[in-house]
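The values are calculated or read from the model by the stated rules, or taken from the named source; none is laboratory data. From a predicted model like this one, the values you see are computed outputs, not experimental measurements. Cβ atoms come from the backbone with ideal geometry, glycine included; neighbour counts cover every protein chain shown.
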Amino acid sequence: MQPSQPAAAVPFTIDGVQPGMLAFPDSPDLYRIRLQPAQAAAAGTAIKYLVAPNSSKVFTGPDAHIRRYDNLAFDKVPPGDWVVGRLVVAEEGGDDSRGGKLRLASTEADAVDALEGLGLYSAGPAWCSTAVEEGDCQDAPDSPRWTTVVDAAGKEISVPKPTDLQCMGYVSASIIAAPTRDVTDAKEVVRVSDWLPGHWVGIRNEARTYEIIQSRDPGLAPRFLGHITENRSRVVGFLLERIPDAREAGPADLEKCKTALARLHALGIAKGQLSRHSFLVRHDGSVLIQGPFTGPPEEVGDISEAMKTEMESLEKVLALSPSTFEAQSARMRSLIDPQRIELLGEFEKAHGFVVPFVYWQESREGGGRITLTVEQHGVLAKECRENGFRWTKELQEQAERRFGPSVEAV
């Protein structure tokens, strides 16, 4: 009888890297890696995490954030149902050494303990019977969150478009194609999900709030369609009904918005961060209220005063112009302006990186724009490089005195 051969290692892609905090050298870098479906079936889990020593004090310079993606001494991982791998710096001169990069030293299969030890808790419990695997509801290449423009070199690049009305206010949300017919017959849904440590709290509270609304006053908000799971266990998000014909509310919608807000308050829920895009006005004039919400009553306690303030401020909120949504849409459009992209490309081509002062200029109130010339940017880039690529308060103040802020409209 021939001895069984060890299963072959499987390739992966890096979804993201959360670097350890500079102020806390013991906090680790956290890699999230993904196996393709065919490989995940053999490997046991599609999503795995790699924990590395904090490199925030190791990598400096304009490409520091990119180097983390190229710092692994391997491009395949062992199969199995392990979820967390521990990384160590490969020793120089060893067989597994590739210039001091990171190698995989060990793996941990106890998913719950290993993930919770990294702050990666589940946003459960799941109250809805429908659950969709995270890999089945990824952004499509032509996601509505992105558009294609041509940069200074004539190359097509993807850049963010103005935020969709139903994604406003969420840390991570996008419009995606509905993953399965088991979820909805609609062509698109709203996905709200995030894998980062700590974000599970907001996802859990938001899902619980929708549970209360859906059970006690269905029709008040977009329908909650299902939970999003990672490796078919850890809850990392949820799906909402897409309302394609909606617009944000204005002064003419005051009475209907009052009614919707009163219905929400009757459930013991405050909206929180009230704005015009808190309301979705459909073409027939009906009004839905949308999240994010303050959270379920059991989490926030007595909010009677907050609900009173919300109702009293509603008329003033609906009269705001431009609205938060309009202002952000204008901002996003400015980010994809071809002239801006060309100028940033010139800075990077000439000096290898873009100094933070550039982004400070265009973040100024009133609609800032970049006024630096390539020569002026070169002066600041030289000073930043000589300071170990650290953009300090002193460098910022010097730059302001020499080149001044811009508040001209784009």
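Annotations for the structure displayed:
- Every pair of residues 6+ apart whose Cβ atoms lie under 7 Å, when the first sits in the stretch 318-339 and is more than 15 Å from S363 (Cβ to Cβ) while the second is aromatic (F, W, Y): none
- Filtered residues of the stretch 335-369 (kept if of a type in the set (A, V, I, L, M), farther than 21 Å from K393 by Cβ and out of contact with any Gly (no Cβ under 7 Å at 6 or more places or on another chain)): L335, I336, I341, L343, L344
- Residue among Q339, Q328, Q361 that alone is in contact with a Phe, Trp or Tyr (Cβ under 9 Å, 6 or more places away or on another chain) and either surrounded by 16 or more Cβ atoms within 10 Å (Cβ to Cβ) or part of a helix (DSSP H, G or I) (or both): Q361
- Leading residue by the ranking (surrounded by the fewest Cβ atoms within 10 Å (Cβ to Cβ)) among those in the stretch 199-230 that are within 17 Å of the chain's Cα centre (by Cα) and either in a helix (DSSP H, G or I) or basic (K, R) (or both): V201
- Residue selected from the stretch 364-401 under the condition among the aliphatic types (A, V, I, L, M) and surrounded by 15 or more Cβ atoms within 10 Å (Cβ to Cβ), by the criterion nearest to P322 (Cα to Cα): I370
- Residue match in the stretch 1-12 (condition: touching a strand residue (DSSP E or B) at 6+ places or on another chain (Cβ under 9 Å), modelled with pLDDT of 75 or more and assigned to a strand (DSSP E or B)): yes
- Each residue in the stretch 278-318 was checked for being of a type in the set (K, R) and closer than 14 Å to H265 by Cβ, and 1 pass.
Okay, residues lined up against (1) in contact (Cβ under 8 Å) with a residue 12 or more places away in the chain; (2) crowded, with 23+ Cβ neighbours inside 10 Å:
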| site | (1), (2) |
| --- | --- |
| G237 | yes, yes |
| I243 | yes, no |
| A246 | yes, no |
| A252 | no, no |
| C257 | yes, yes |
| L267 | yes, no |
| P296 | yes, no |
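- Among the strands (runs of 3 or more DSSP E) confined to the stretch 34-139, the ones with at least 1 residues that are among the acidic types (D, E) and either modelled with pLDDT under 90 or not assigned by TED's automatic domain parsing to the domain that holds V235 (or both) are located at 102-108.
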